[in-house]
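Structure record follows, encoded as structure tokens.
Throughout, read-outs are computed from the coordinates displayed, never taken from laboratory work. Just so you know, these numbers come straight off a predicted model, no measurement behind them. Note that we place each Cβ from the backbone using ideal geometry, even for glycine, and neighbour counts take in every protein chain shown.
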Amino acid sequence: MKEITASMAGTVLNIFAKEGDQINLGQEVLMLESMKMEIPIESGIEGVVKEVKVNIGDFVNEGDVLMVLG
Amino acid sequence: MGYERGNLVQKILIANRGEIALRIIRTCREMGIETIAVYSEADKDMPYVKEATKAVCIGEPPVNKSYLQAEKILAIAKSEKVDAIHPGYGFLSENAAFARQTKNEGILFIGPDPNTIELMGDKIASRQTMEKAGVPVVPGSSSGIRTVEEALNLAEKIGYPVMLKASGGGGGIGMIRCENEQALVKSFESTKSRAKAYFGSDEVFIEKYIADARHIEVQIFGDSYGNIVHLFERDCSIQRRHQKVIEESPSPFLSASVREKMYNTAIKAAKAVNYSNAGTIEFIVDEDENFYFLEMNTRLQVEHPVTEMVTGLDLVKWQILVARGESLPLLQDEIQSTGHSIEFRLYAEDSVRFLPSPGKITTLNWNQFDGVRIDSGYEEGGTVTPFYDPMIAKCIFYGSTRKDAIRSAEMFFKNIQIEGIKTNAPLFSTILENEDFRNGIYTTNFLTKQLVK
């Protein structure tokens with residue numbers, strides 16, 4: 001299974017991909033807010049989004065799975 | 001000036017955290033005032049919690065479950081029978097509804113009138129107010145913009161690049177520079193939805209982008225008797241992502257005549273809204289020293305220590321005196337600026353990419369010496385959590401000249417020891433070595449253009 005994880009702890013501000021979307025390497029898939037800063041999460045993998053694990057407003061810890069790609 | 005019949009202030013609730021809570025506690029202690037701190041579960045071991053006379057937990061770590069819980073904070077203020085609430089900066093400090101509720105509960109709000117907060121919090125309304133008062137504003141919208149067509153028409157008229165801003169915004173959040181039509185179209189909807197998410201209103205407006213600008217602000221102070229004074233300027237042009245990193249007073253750029261003109265304009269602006277308590281008029285200044293009103297901050301600023309160092313005054317004390325109904329302690333001609341002060345905001349962040357770096361501070365050794373003031377929110381062994389602003393301390397330097405203050409800063413950042421988290425201290429050493437910075441030649445582009453050669 002291929003996963004996109006949070007690079008640091010923060011709150012999910014925005015999600016730019018939904019189930020079924022094709023994700024390319026380096027694509028911005030999610031925006032986290034940590035310490036009043038916007039932290040873009042870029043995908044380190046390629047694939048189609050199978051599941052988005054978080055909702056806008058969720059707090060995530062470093063390493064938490066944000067999306068699963070197939 | 002004599003003591004006016006006023007309100008007794010024996011106990012203050014501080015609706016804030018970190019270094020500013022500690023800063024307020026320090027002055028309260030000197031004035032014999034008790035303090036009630038509020039804290040989130042993430043902040044239970046913070047120094048300010050221990051330093052306050054009493055501390056009350058207000059909830060879970062996220063700000064909307066703790067420091068933005070106006071009702072909860074007011075309930076604590078009532079049950080603790082405080083006389084006043086000091087909101088610090090950020091959080092509820094510029095929330096007019098909170099100030100109004102505080103007042104309605106018979107508790108003093110240490111800040112301006114709620115109506116002033118409301119008016120100045122609306123960036124379009126404040127532009128209009130200032131224009132009417134004869135204060136120059138940046139060319140741009142005179143009312144909110146609803147459609148992208150409206151935005152494009154206006155931008156065409158004033159000329160690109162333009163700044164697209166949220167009407168409810170501030171502190172550098174919710175604004176974007178648009179180089180051309182395509183960029184404006186691209187950013188319009190996202191800026192609106194971001195404005196809605198952050199500030200509860202999707203109203204946006206456009207201002208002309210001023211290239212090679214400086215960001216210079218004037219500290220003002222008013223009382224309830226119509227007296228208004230200025231406490232000189234602070235040059236805050238060194239910024240990253242529209243957020244201040246270094247501030248200094250006096251500005252190394254302004255000529256004496258423009259400086260004087262700016263003070264008078266700031267006083268005019270404050271008078272236009274019958275301002276009382278501490279406030280700051282922010283100006284954007286172009287290459288030719290033309291200056292325009294940007295916004296008014298209706299609270300104590302993060303960078304207030306710079307002003308305290310050059311004037312020798314305690315701004316928190318002034319805030320409390322004015323709030324309890326006294327007139328300003330000094331008249332304009334009794335206020336002097338002497339020497340030079342520079343403040344550096346130490347952030348828990350990577351100094352190259354500016355990404356946050358939360359974690360435990362395993363070593364914190366300031367190696368402090370004379371002429372250095374540190375307003376820190378943390379101590380060794382403390383943890384910087386991801387929930388709040390990454391600023392861990394303000395390091396403030398004073399000297400009889402700018403050169404002296406810079407020399408002091410250089411020595412300080414060479415010897416500072418912080419481990420466990422990344423900080424922007426290495427960036428400060430780089431800036432301090434920079435020829436342009438040393439000569440006082442810098443604009444808001446300094447970190448992105450001048451420093452990176």
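Summary of values
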{"read-out": "Amide H contacts of A:Ile23 (H built 1.01 Å from N, under 5 Å, at least 5 apart or other chain)", "value": "A:Gly47, A:Val48, A:Val49"}
{"read-out": "Amide H partners (placed H, <5 Å) of A:Leu69, local residues excluded", "value": "A:Lys2, A:Glu3, A:Ile4, A:Lys50"}
{"read-out": "Label zone at B:Met31, where the point sits 7 Å out along the Cα-to-Cβ direction: region B:94-133 residues whose backbone N lies under 13 Å", "value": "B:108-111"}
{"read-out": "Size-normalised alpha-carbon gyration radius of region B:139-208, reference 2.2 N^0.38 Å", "value": "0.96"}
{"read-out": "Rounded to the nearest 20 debye, dipole of chain B from Cβ charges on Lys, Arg, Asp, Glu", "value": "600"}
{"read-out": "Residue-by-residue Karplus 3J(HN,Hα) for region B:61-66, coefficients 6.51, -1.76, 1.60, Hz, glycine and proline x", "value": "x, x, 4, 6, 9, 9"}
{"read-out": "Fraction of the pair-distance distribution of region B:11-110 above 16 Å, Cα-Cα pairs, percent", "value": "49"}
{"read-out": "Region A:13-50: trypsin sites (Lys or Arg not before Pro) falling in loop per DSSP and having at most 14 other Cβ within 10 Å", "value": "A:Lys18"}
{"read-out": "Overall form of region B:316-439 per C-alpha gyration tensor (a/c, 1.5; a/b vs b/c)", "value": "oblate"}
{"read-out": "Size descriptor, Kirkwood hydrodynamic radius, that averages inverse alpha-carbon separations across region A:2-69, Å", "value": "11.5"}
{"read-out": "Shape parameters for region B:59-184, alpha-carbon atoms, Rg then Dmax in Å", "value": "18.7, 56"}
{"read-out": "Rg to Rh, two decimals, where the protein assembly as shown supplies the alpha carbon set and Rh follows Kirkwood", "value": "0.95"}
{"read-out": "Chain B: radius of gyration over Cα atoms, expressed as a fraction of 2.2 N^0.38 Å", "value": "0.95"}
{"read-out": "Where labels lie 7 Å past Cα in the beta-carbon direction, separation of B:Ile441 and B:Thr338 in nm", "value": "3.3"}
{"read-out": "Normalised convex hull volume, region B:214-450, alpha-carbon set, Å³ per residue", "value": "126"}
{"read-out": "Rounded to 5, the percent of DSSP beta bridges in chain B classed as antiparallel", "value": "80"}
{"read-out": "Lysines with Cα under 26 Å of B:Lys394, excluding same-chain neighbours fewer than 8 positions away", "value": "A:Lys36, B:Lys44, B:Lys50, B:Lys54, B:Lys244, B:Lys317, B:Lys360, B:Lys403, B:Lys414, B:Lys422, B:Lys449"}
{"read-out": "Point-charge dipole on Cβ atoms (K/R +1, D/E -1) for region B:11-110, about Cα centre, debye to 20", "value": "160"}
